[in-house]
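Taking it in order: structure first as structure tokens, then the write-up.
Just so it is clear, none of the values below were taken in a lab; they were calculated from the coordinates. What you see is a predicted model; the values in this text were computed from it and never measured. Here the Cβ positions follow ideal geometry from the backbone for every residue, glycine too, while neighbour counts run over all protein chains shown.
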Amino acid sequence: MILEVNNTFGERRMYLLDGSTPASPPRTSDSEQTSGSEEHGSQIPVRAKSKFTDVWMKDFHVSPFNSRKGSYALKAQNPFPSVDYENPLIDNTITLKSSKNHGKLVARLFSTGKAIDLDQLGFLGTLRFILSWWWVGFVTFPRIVREAGKIFFKRKLHVWFRPEVLTSSVGRPPTSAEITLYKVFRNYLHVLVNQTEVDFCITFKASIPNIPTDKIATTHVPGRNRPYKNIEIRVLTPAFYSRLIHYTYISEAIDRECIFTDERNRTLWLCRPQLLPLLLSERSSIRLKDEDTPPVRRSYLDELRWWLLKRLRCPPADPAYSVTPQNPAVNVDDIRARPFSELDRYVRGYFGHQYACEYRRTVTKLFLAQRFCFGFTEIVGLVDLIIRVLLCYVAARQLMSWGASAPGLMSAECLEGLVMKRDWSACSNALAMDYWGWWSLGKSMLAVYSCHMYESLKGYR
């Protein structure tokens, strides 16, 4: 039996059960019935020989009121015990047990009526089925929130923070920002592998849907036959990409997100970490130097945007499970200067400049969210939308007031001459304005182009 478990965070876990572990010790009567069914076949009821039982360990976070410890026990009825069985019935019971083998939760799913044959349902039957059940999906999440509120406020149950998924589970879907950062990080690994003196072959699993496993190997050099150093890098959750850009050095990110952290905080997994010093080596062992690559020209405005990104860089959000005990009397701050990170320098350089515009906007947005909006990029997007709407509103009001002071410029003849014929003669009388009229015209033009200037400041091309 295959079981799929999903939680409200978008994460998923698949379990494959073979029924080798009984959910409870078998009774003598059941074994006698089973042996008897082999002799008499159809004389014994089908249900007596169609039980499926198994026990397996829990390793996936589902509810904040239960830890990731414990086990599950399943008892299931085979809905199709024989090929010619015409009345399938579902009857599954799952029991959640604590780490001390105490029962905590019992959930049962069973049939209450005859199974529905889709081939014989017809249009009216399909419509009746949809009208009867369409509302269930809409009220499921509000029901979960309501029951969670009862458990938390009335029952005072302990809340377990969500740990990151293990290698056996599937992380949540990525955001658009994390997809952008994944592309940059993947290409950075390609450049890094081909610049180090040691030959590497990296198996990179990105945790991005519909993206196959990537093999990143050092380009073969004629006349040099050396064995490859093999490393597997597996991103457990797309949150790794949004946390990676907060670190100045890739080695520091791997240490804090994979090696020297609690297992429940890991966003990355890799084998053979002892090879990392060879991959993330000093500049002296990199074959391609900065002077060997063509320079990348940037305007003063681009440099200003990059300076803002560097000033906004901040540590990532604290993990759910702290590695060191927190002492409220001691305030620990990182006093190191934060230069451009290794990923920043790659994007600013020759090999990654094609990602510079999108990368800079994405990272700046994440830093603003972490510093001022509790990590929610949606709030940054909402503020950005409000600013653009206000600029458009001010431009429209300014045009209306200017049109009232110079109605000739808003006439049909003037607009047709400007748009269709590029002719200013129809507007000559309206353009005969005094000083205050030209001042009003300048303010209107500034208001109209303010939204475009705002987008230009952010770096849109």
Checklist entry - Quick one: if you stick a label point 7 Å off each Cα along the C-beta vector at Val394 and His353, how many nm between them? => result 3.5 nm
Next on the checklist: Below 24 Å, Cα to Cα, which lysines can Lys183 reach? Residues fewer than 8 away in the same chain don't count.
Outcome noted: Lys205, Lys215, Lys229, Lys289, Lys310, Lys365, Lys458
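If I take R0 = 30 Å and measure r between the Cβ atoms of Ser67 and Arg371 in this structure, what FRET efficiency does the formula 1/(1 + (r/R0)^6) give, to the nearest 0.05? Mind dumping the intermediate values first?
Details: r = 32 Å, r/R0 = 1.07.
About 0.40, to the nearest 0.05.
Please give the length that would be gained between Ser20 and Lys183 if that part of the chain were fully extended, namely 0.36 nm times their separation in residues minus their C-alpha to C-alpha distance (nm, one decimal). Kindly include the intermediate steps, with their values, before the conclusion.
Numbers: separation 163, 0.36 × 163 = 58.68 nm, distance 4.32 nm.
Between Ser20 and Lys183, full extension yields 54.4 nm more.
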Checklist entry - In the range 141-173, which residues have a backbone nitrogen under 12 Å from the label point lying 7 Å from Lys104's Cα in the Cα-to-Cβ direction? => result 158-161
Checklist entry - Can you give the extra length, in nm with one decimal, that the chain gains between Ile379 and Asn210 once fully stretched, where that is 0.36 nm per residue apart less the Cα-Cα distance? => result 58.0 nm
Checklist outcome for this item: Sorted by chain and then number, the residues having a modelled amide H within less than 5 Å of the amide H of Phe351, at least 5 places away or on another chain, are none
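What is the packing order of peptides 149-156, 302-309, taking the mean over residues of other C-beta atoms within 10 Å and listing the highest first?
Working: 149-156: 10.1, 302-309: 15.2.
Answer by packing, highest mean first, reads 302-309, 149-156.
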Item to check | Under-5 Å amide H pairs with Leu105, H placed in peptide plane, nonlocal only | outcome: Leu96
Item to check | Virtual spin-label span in nm between Gln195 and Ile94, 7 Å along Cα→Cβ | outcome: 4.7 nm
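Can you work out the FRET efficiency for the pair Ser111 and Arg143, with r the C-beta to C-beta distance and R0 = 22 Å, to the nearest 0.05?
Working: r = 22 Å, r/R0 = 1.01.
Rounded to the nearest 0.05, the efficiency is 0.50.
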Item to check | Distance (nanometres) between label positions extended 7 Å along Cα→Cβ at Cys314 and Glu252 | outcome: 1.6 nm
Next on the checklist: What FRET efficiency comes out for Phe340 versus Ser401 if R0 is 41 angstrom and r is the Cβ-Cβ distance? Round to the nearest 0.05.
Outcome noted: 0.35
